[in-house]
2 protein chains.
Amino acid sequence: MKVRGRVYAPDLRSDDAECVLAPDESHHLAQVLRIRAGESVQVIDGRGGQWLATVATVGRREVVLTIDAALDATPEPPVLVTLGIGLLKGDQMDSVIRDATVLGASTVVPLVTDHVTVPTKAWQGGGPLDRWHRVAVAAAKQSGRAVVPAIQDVTHFDAFMASGARDAVVACIEPSADVPARPARLEFPRTPTVRLLVGPEGGWSATELDALGGVEADLLSLGPRTLRAEAVPIVALTLLWSSWGWTSSTPDPPSRLR
Amino acid sequence: MKVRGRVYAPDLRSDDAECVLAPDESHHLAQVLRIRAGESVQVIDGRGGQWLATVATVGRREVVLTIDAALDATPEPPVLVTLGIGLLKGDQMDSVIRDATVLGASTVVPLVTDHVTVPTKAWQGGGPLDRWHRVAVAAAKQSGRAVVPAIQDVTHFDAFMASGARDAVVACIEPSADVPARPARLEFPRTPTVRLLVGPEGGWSATELDALGGVEADLLSLGPRTLRAEAVPIVALTLLWSSWGWTSSTPDPPSRLR
């Protein structure tokens, strides 16, 4: 049976037989997809659970599903990556959250760094955090991911560096920075968790580079050209997976179509 | 002296002492950057040449530069990559051209494939090609690249496959395609030229997959999640450089800040 859509039900438990969707998810199915009772949908809980379900009843603000079967979820990456990213302006930040979700980050932490130019009022209060969470949910549904990354509160660089002491740190270095950085093609040691640091458009300050040196961060070059700020997390996450594989179960042999 | 901007002068020759900029480049310097005589700019010819120059005279539609010195250009990638990409709609295609330029493609060929849904009238005539060239020029200037990739005419998939017979072919395979694809972490053999193929949003048809098999294309997996169409060339080019290095002179030893 053709699956008509993917919906997010964060409170679904593995032994639930039925699921009452939240108003926004119900609205999407009922009004946008114009789904009808009897049609099939996929459900994700944002924590790696994925189910096949049948639409039982369609109300304007409440769609009820019958859970049919648990599905094998799309495989997750082999390493839990926390992306710490210097704050960008609104639409750029949405773009970063979306692509970080699609490219397998497990957590995103928006950072205040020395060269961040976004004004404080732009990110204070719960508004941006709620929006970023919605962007992550939408990206998970669209890309086929069963995990929605956690979007943490905006954090100062120093506080971020003081946390997660046992994580390996990989920091992206802009072409204009006068520090030697790891070229693209070297292997990274695979560790269970990594913090991937991406600076704001103005790059890292000298103080921040010192702090990265203090934790023996791997400094990663993204090439000699200046990337768009929104492209940096895409390139950086791709470089990590090029070293570690897209999933923990990536098959070994190369393959060609014959 | 602070360099105020980068300009594109495709007709500049290496022994020229002076350069009269075209109207659009002149307008940008004079009206947008409000540059004055005596200020410094960088000049690229789009073919790998890069110079330092001083503004001699500023007219509304004509800025004249005095060439001061040839500069070492930003290093180019170690392999000439021709990106063949299934046509996307206008703004997505602009985004692809821009990121392919920044990420080092040497040529871009917009392709008509079986699953392309962009109507013929959207790409016929010289309009789109002119716009794509301007997007590539702007991206080269902004990213610090001295080479502007050639944007070829829109080409049918079959004609593209029939050309460049001795080039290696790498084709990106979408997660839903039921073919075995090379995982991210394997090494590609480095050849002087490569054609990198990216399908449209609907992916490759069975006929096209057969044709790719016929030329023993390397089929490249971009992971188990569905990427945004505009992100695919970024990820694919990054995977190539992760195997080959960002530049032909990428230094060997890994480095850490101490």
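The values are calculated or read from the model by the stated rules, or taken from the named source; none is laboratory data. Values in this document were obtained by computation on a predicted structure and should not be read as measured data. Heads up, the Cβs are rebuilt from the backbone with ideal geometry, glycines too, and the neighbour counts pull from every protein chain shown.
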For segment A:17-66, name all the residues that are part of a strand (DSSP E or B) and without any contact (Cβ under 8 Å) to a residue 24 or more places away in the chain. A:T54, A:T57
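Could you say whether any residue in segment A:39-46 is surrounded by 12 or more Cβ atoms within 10 Å (Cβ to Cβ) and under 30 Å from A:G199 (Cβ atoms)?
From segment A:39-46, those surrounded by 12 or more Cβ atoms within 10 Å (Cβ to Cβ) are A:39-46; that's our starting set.
Among the residues that remain, those that are also under 30 Å from A:G199 (Cβ atoms) are: A:46.
Yes: segment A:39-46 contains one or more residues that are surrounded by 12 or more Cβ atoms within 10 Å (Cβ to Cβ) and under 30 Å from A:G199 (Cβ atoms).
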Quick one: is A:S143 out of contact with any strand residue (DSSP E or B) (no Cβ under 7 Å at 6 or more places or on another chain), hydroxyl-bearing (S, T, Y) and in contact (Cβ under 8 Å) with a residue 40 or more places away in the chain? yes
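Evaluate the following for A:G223: is it farther than 14 Å from A:V108 by Cα, away from chain B (no Cβ under 14 Å), over 21 Å from the mean Cα position of the chain (by Cα) and part of a loop (DSSP other than H, G, I, E, B)?
Working: farther than 14 Å from A:V108 by Cα: yes; away from chain B (no Cβ under 14 Å): no; over 21 Å from the mean Cα position of the chain (by Cα): yes; part of a loop (DSSP other than H, G, I, E, B): yes.
It is false that A:G223 is farther than 14 Å from A:V108 by Cα, away from chain B (no Cβ under 14 Å), over 21 Å from the mean Cα position of the chain (by Cα) and part of a loop (DSSP other than H, G, I, E, B).
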Just to be sure I understand, how many residues within segment B:105-150 are farther than 20 Å from B:E201 by Cα and either in a helix (DSSP H, G or I) or within 14 Å of chain A (Cβ to nearest Cβ) (or both)? 23
For segment B:67-103, give me the residue count where each residue is within 21 Å of B:P192 (Cβ to Cβ) and touching a Phe, Trp or Tyr at 6+ places or on another chain (Cβ under 7 Å). 4
From B:L88, B:L71, which residue is in contact (Cβ under 8 Å) with a residue 40 or more places away in the chain and not hydroxyl-bearing (S, T, Y)? B:L88
Answer residue from segment A:226-244, given it is at the interface with chain B (Cβ under 7 Å from one of its Cβ atoms), closer than 19 Å to A:K89 by Cα and in contact (Cβ under 8 Å) with a residue 12 or more places away in the chain and is surrounded by the fewest Cβ atoms within 10 Å (Cβ to Cβ) among those: A:T226
I'd like the residue in segment B:67-101 that is part of a helix (DSSP H, G or I) and under 26 Å from B:Q42 (Cβ atoms) and, out of all such residues, is nearest to the other protein chains (Cβ to nearest Cβ). B:D99
Kindly evaluate A:D153 against the criterion of being in contact with a Ser or Thr (Cβ under 7 Å, 6 or more places away or on another chain) and in a loop (DSSP other than H, G, I, E, B). no
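Looking at segment A:5-16 only, could you name the residues that are under 24 Å from the mean Cα position of the chain (by Cα) and either loosely packed, with under 15 Cβ neighbours inside 10 Å or assigned to a strand (DSSP E or B) (or both)? Write out each step before concluding.
Initially, segment A:5-16 is screened for residues under 24 Å from the mean Cα position of the chain (by Cα), giving A:5-14.
Answer for segment A:5-16, where residues must be under 24 Å from the mean Cα position of the chain (by Cα) and either loosely packed, with under 15 Cβ neighbours inside 10 Å or assigned to a strand (DSSP E or B) (or both): A:G5, A:R6, A:V7, A:Y8, A:P10, A:D11, A:R13, A:S14.
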Being surrounded by fewer than 18 Cβ atoms within 10 Å (Cβ to Cβ) and of a type outside the set (D, E, K, R) narrows it down to one residue among B:G127, B:G144, B:G104; which is it? B:G127
Is there a residue being within 23 Å of A:S243 (Cα to Cα), more than 7 Å from chain A (Cβ to nearest Cβ) and modelled with pLDDT of 90 or more anywhere in segment B:200-217? no
Residue set A:V55, A:V102, A:V118, A:V147; condition at pLDDT 95 or above and out of contact with any Asp or Glu (no Cβ under 9 Å at 6 or more places or on another chain); output residue A:V102
